[in-house]
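This report concerns only the one structure given below.
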Amino acid sequence: MKPFRSCFVALALTVPLLSGCSGDDAGEGRTPAPPALPSLASLPDEDPDPGVLEVSMRAMPASKQYSGAKPSEVWAYEGTVPGPLLEAKAGDQLVVHFQNELPEATRVHWHGVRLPAAMDGTHLMQAPIEPGQGFEYSFSLKDAGLFWFHPHMRSDVQVEKGLYGTILVRGDGEPTVDHETVLVLDDVRVNADGTFPEFLDDESKMMGREGNVLLVNGVSGPEIPMQSGALERLRIVNVANGRFFNLRLEGHAFRVIGTDGGLVGQPWDTDTLLMAPGERYDVVLIPNGKPGSVVTLWNDPYSRGHGSLAAAPELLATVRLATGASLSGRSLPSAFPEVEKLPAGAADIPVVLGEKFDDKGELVFTINGQVYPDVPPVLTANGSVRTLGVKNESDMDHPFHLHGFFFQRQNDTGTLKNKDTIIVKAHESMELTARFDEPGKWVYHCHILEHAEGGMLGELHVQ
Ligand code: C2O
Ligand code: CU
């Protein structure tokens with residue numbers, strides 16, 4: 001697979017680069033002040049019942065200006081990128097009156113939410129929602145955690161154009177913190193005139209589209225307010241098509257208290273937090289530093305294969321510690337109730353992730369050697385607990401995502417986690433156990449959206 005590397009480098013050089021904060025309007029050598037971290041939009045609750053969150057949401061064209069470029073025509077839920085943050089409690093019913101005002105068909109997928117298959121927004125269970133049409137999504141939010149939603153139709157284009165939003169579900173027994181911030185990480189590839197370059201160029205096809213502008217809550221290099229000595233909680237999701245983020249906050253460790261499927265029994269500390277597209281992490285920290293000082297949140301280089309290593313850390317955001325007295329006496333939470341462990345059985349569902357050139361010389365991504373829709377569906381009984389043997393035989397990492405169910409990695413190092421998306425590194429194997437307790441047709445796929453659209457997707461039928 002040698003040709004990939006040179007191909008990637010050559011193409012990368014042709015991408016017009018915008019720089020985050022130099023540019024004409026920077027003034028006479030002054031660095032412009034970083035933008036404030038945008039808070040995420042919310043939608044009015046149309047149902048007075050406290051156990052129901054009922055909202056109306058459109059997917060629609062909108063305009064948005066990305067750092068250093070002219071305004072872009074984006075597609076957005078209710079006109080904002082990121083789209084709305086829906087806040088609810090575990091056990092609440094979520095009702096979304098969805099309307100498609102885009103010029104093409106779409107469907108909404110609720111990433112990580114355990115719901116009836118008919119509400120999952122895939123092509124197996126739902127007809128396309130044509131322009132001008134609507135659909136009512138309605139399901140209960142069983143689990144606490146940070147989830148997100150995005151189109152499951154031409155997702156490589158529709159997500160890149162700005163269609164994504166978040167769902168924050170609170171449960172019992174959450175830690176008491178001083179501040180909580182939701183961070184939506186993304187990148188976008190945009191020309192100086194605001195247009196988007198061709199979506200499925202060779203480089204995007206291979207690596208998943210990586211942008212030339214990094215975004216946190218829709219802006220580049222924002223300033224995140226925190227307070228020295230305070231217990232700060234960050235809920236983070238990576239919604240990029242292909243980019244992995246490898247977070248590092250200068251002078252601080254993250255204590256990870258939760259992942260995709262909620263809190264974990266034994267939180268752990270880490271200096272860097274690697275996040276593939278689709279993954280979520282829930283972290284806490286107590287900033288140390290003089291009030292008024294600034295620390296940098298970096299995106300550190302990480303190689304996910306095929307010569308993808310960036311040369312240097314990139315600035316993702318800055319954290320400004322509020323002026324005024326530091327808080328004192330805060331401590332980091334160190335334990336939560338353990339996640340219920342699923343009984344491990346033999347890994348009898350093989351899922352081999354691969355890449356190859358097809359008859360026409362096109363690069364394709366495969367599951368068990370086949371390109372979807374030629375991948376035979378996995379059949380399993382309702383209520384079965386089964387283990388997938390996921391083996392990555394390709395030269396790059398693939399974030400494996402399963403719809404509708406959480407899985408647990410066997411022989412995981414550290415605490416037991418409920419995940420729905422996990423990085424399977426190049427040539428790595430792992431066993432993932434899930435309880436398939438919701439009938440219907442589901443999908444699993446690589447969450448590099450170009451890989452999923454390009455065939456690295458399979459069906460799982462729960463009968
Ligand atoms: Cu977040 Cu099938 O995807
Ligand atoms: Cu992939």
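When only the heavy atoms of the protein chains count and the probe is 1.4 Å, how do M125, M119 rank by accessible area, highest first?
M125, M119
May I ask you to derive the FRET efficiency for K89 and A127 from their Cβ-Cβ distance with R0 = 22 Å, giving the value to the nearest 0.05?
0.10
Rounded to the nearest 5, what is the percent of antiparallel bridges among the DSSP beta bridges in region 57-208?
Just about 75 percent of them are antiparallel.
For K89, K70, write out the residues from largest to smallest accessible area, computed with a 1.4 angstrom probe and no ligands counted.
In descending accessible area the options line up as K70, K89.
Taking amide H atoms as placed 1.01 Å from N in the peptide plane, list the residues 5 or more away in sequence, or in a different chain, whose amide H sits under 5 Å from that of D143.
Result for D143 returns G91, R114.
Just tell me which lysines come within less than 25 Å, Cα to Cα, of K419; anything on the same chain fewer than 8 places away is out.
Candidates past the 8-residue exclusion: K89, K142, K341, K391, K441.
Give me the percent of accessible area attributable to carbon and sulfur for region 76-151, probe 1.4 angstrom.
51
Considering amide H positions built from the backbone, and no H for Pro or chain starts, which residues 5 or more places from T318, or on another chain, come under 5 Å of its amide H?
Distant-sequence amide H within range of T318: E223, I224, L297.
I want to check the label-to-label distance for S42 and S63. Put each point 7 Å from Cα in the C-beta direction and report it in nm to one decimal.
It works out to 2.9 nm between the two label points.
Looking at the square roots a ≥ b ≥ c of the eigenvalues of the Cα gyration tensor of region 98-241, which shape do they give, rounded for a/c under 1.5, prolate if a/b is larger than b/c, or oblate?
oblate
At R0 = 41 Å, how high is the FRET efficiency between E393 and D178 if r is their beta carbon distance? Nearest 0.05 is fine.
According to the calculation, E is roughly 0.30.
Taking a label point 7 Å from the Cα of V385 along the Cα→Cβ vector, which residues of region 317-349 have an amide N closer than 18 Å to it?
338-349
Taking the DSSP beta bridges in the chain as the whole, what percent of them are antiparallel, to the nearest 5?
Looking only at bridges with both residues in the chain, the antiparallel portion is about 70 percent.
Compare the Cα positions of G134, L432, P291 along the charge dipole of the chain (+1 at Cβ of Lys, Arg; -1 at Cβ of Asp, Glu; about the Cα centre) and return the one farthest towards the positive end.
Projecting each Cα onto the dipole axis, the largest value belongs to P291.
For the chain, calculate the relative contact order in percent as a whole number, restricting contacts to Cα pairs under 8 Å that are 6 or more residues apart.
Normalised by residue count, the contact order of the chain is 14 percent.
At a probe radius of 1.4 Å, what is the per-residue accessible area of L309, in Å² to the nearest 10?
110
With each pseudo-label sitting 7 Å past Cα toward Cβ, what's the T413-T296 distance in nm, one decimal?
Those two pseudo-labels are separated by 2.8 nm.
Step by step: find N for the chain, compute 2.2 N^0.38 Å, then divide the Cα radius of gyration by it. What's the final number?
For the chain, the normalised Cα radius of gyration is 0.94.
So for T195, T433, what's the accessible-area order with a 1.4 Å probe, most first?
These residues rank, largest area first, as T195, T433.
The values are calculated or read from the model by the stated rules, or taken from the named source; none is laboratory data. Predicted model, so just to flag it, every value in this text is computed and none were measured. Here the Cβ is made from the backbone with ideal geometry for all residues, glycine too, and neighbour counts use every protein chain on show. Surface accessibility is based on the protein's heavy atoms, side chains included, excluding ligands, DNA and RNA. Shrake-Rupley method; radii C 1.70, N 1.55, O 1.52, S 1.80 Å.
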